[in-house]
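Asks: I have a structure here, written as structure tokens, and I will follow up with some questions on it.
No value in this document is a laboratory result; all are computed from the given coordinates. The structure displayed is predicted, hence computed values, not measured ones. Cβ placement follows ideal geometry from the backbone for every residue including glycine, while neighbour counts extend to all protein chains displayed.
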Amino acid sequence: MDIIFLNPVFKEMIWGGNRLRTEYGYDIPGDDTGECWAVSAHPKGDCTVRGGEFDGMSLSTLWKERRDLFGGVEGDVFPLLVKIIDAKDDLSIQVHPDDAYAAEHENGALGKTECWYILDCDEDAQIVIGHNAKDKEELQEMIAQERWNELIRVLPIKKGDFFQINPGTVHAIKKGTLILETQQSSDVTYRLYDYGRLQNGKPRELHIQKSIDVIRCPYQESLEGRKTQKLTCGELTTLVSCPFYTVYRLSVNGREELTQTEPFTIMSVIEGSGSIDGTPVKKGDHFILPAGFGTYEAEGDMTVILSHL
Ligand code: ZN
């Protein structure tokens, strides 16, 4: 059974940079490329298969026509989306709805639960997760009075940190950060504050009322304990397990026998290189191990982020 390699889709953003080229070797469209949609069947960025039997086919078509490769999982849309984000500048302060709110207010779209693995960041880098308003009333008041510094909760970050962002959580990636994001396949974002920036001479649209609707008050920190399992030549760390996905970090230094028993498993090599059952893989490669892949050998010196439903 073949590994399904994918060609990423790139997005230029006002806050993007060029590290997707300088550090990952991708052929990016410009020096303000903010996002690499690495594993996506979303209509705004549908990856194509690279090589093998399905070369050139979009992931959305593969999902429709060959559901057997994905263990027969039900659903109209491929449910996950994996991105690498290069934030040269601050992203807007934003929040996502849950499935119920998105279904009602966004033409049946999925809500968005997402999680972040910090691939790299500046020494003094920070991130916004959560807020300090005790209830909706205080939240509305702080937003109306633009008391952003008081409202948002800012944390220092370092390489290897991991954060789960549930719907209703105020969040923002800040400058000097490279992130691998695993999320529900959704593009519904409510922008709360954009630092007064202009894009083509105009401020980007804000969604204040929808943000207030969906922000959970008070903020409750999601405390995810990591669980690390020692392997013969490395380790497997469970970063998060939630109703939408489970995400792991796999480190291999040598030869390791592993098993793919899920409907499918997404893999992104984030450091080093090696092989999967003899097929070479390297930093920047994203691929899917299909249903029934079974036992396989991962060999080399590499770190991989894995995810499955
Ligand atoms: Zn987000």
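Asks: Place a +1 charge on the Cβ of each Lys and Arg in the chain and a -1 charge on the Cβ of each Asp and Glu, then give the dipole magnitude about the Cα centre in debye, rounded to the nearest 20.
Replies: Working: 32 positive and 50 negative charges, 70 e Å.
Around 340 debye, computed over the chain.
Asks: Something else now. Name all residues of the stretch 35-51 having a backbone nitrogen under 20 Å from the label point set 7 Å from the Cα of N200 along its Cα→Cβ direction, giving them as ranges.
Replies: Label zone hits: 35, 44-45.
Asks: Past the 20 Å Cα-Cα mark, which pairs from K159/K227; K83/K230; K44/K283? Mind showing how you got there, number by number?
Replies: On the way: K159/K227 18 Å; K83/K230 27 Å; K44/K283 25 Å.
Checking Cα-Cα distances, K83/K230; K44/K283 exceed 20 Å.
Asks: Would you mind counting up the charge near R226? Only other residues with Cβ under 14 Å from its Cβ, with Lys and Arg at +1 and Asp and Glu at -1.
Replies: Residues close to R226 contribute a combined charge of 0.
Asks: Moving on. Once R0 is set to 45 Å, what does the formula 1/(1 + (r/R0)^6) return for the Cβ-Cβ distance between T279 and K158, expressed as a FRET efficiency to the nearest 0.05?
Replies: Step by step, r from the Cβ atoms, then E = 0.85.
Asks: Take every Cα-Cα pair in the chain and report what % of them are more than 35 Å apart.
Replies: Cα-Cα pairs in the chain separated by more than 35 Å: 19 percent.
Asks: Next question, about the same structure. Taking K and R as +1 and D and E as -1, what net charge do the other residues with C-beta under 15 Å from the C-beta of W63 add up to?
Replies: Around W63, the surrounding residues sum to -2.
Asks: With each run of n ≥ 4 DSSP H residues scored as -39500 (n - 2.57), what mean residue ellipticity at 222 nm is computed for the chain after dividing by its residue count and rounding to the nearest 500 deg cm²/dmol?
Replies: Calculated at 222 nm, the ellipticity per residue is -3000 deg cm²/dmol.
Asks: If I model a spin label as a point 7 Å beyond the Cα along the Cα-Cβ vector, how far apart are those points for A144 and S241 in nm?
Replies: Once both label points are built, they end up 4.6 nm from each other.
Asks: Further question: May I ask for the distance between the Cα centers of the stretch 119-141 and the stretch 244-309, given as a whole number of Å?
Replies: 33 Å
Asks: Given the Cα-Cα distance of D76 and D55 and 0.36 nm per residue of separation, how much length would full extension add, in nm?
Replies: Working: separation 21, 0.36 × 21 = 7.56 nm, distance 2.21 nm.
Result for the pair: 5.3 nm of gain on full extension.
Asks: Where does the charge balance sit around P97 when Lys and Arg score +1, Asp and Glu -1, over other residues with C-beta under 14 Å from its C-beta?
Replies: Spelling it out: positives minus negatives among the neighbours equals -3.
Asks: To make sure I understand, if each residue's beta carbon is the centre and we count other beta carbons within 10 Å, what order do S40, S186 fall in, fewest to most?
Replies: Details: S40 27, S186 22.
By the 10 Å Cβ count, ascending: S186, S40.
Asks: Starting from the Cα of K210, draw a straight line to each of the aspartates and glutamates and keep only those under 19 Å, dropping any in the same chain fewer than 8 residues away.
Replies: Partners within reach: D98, D99, E104, E106, E114, D135, E137, E138, E141, E146, D187, D194.
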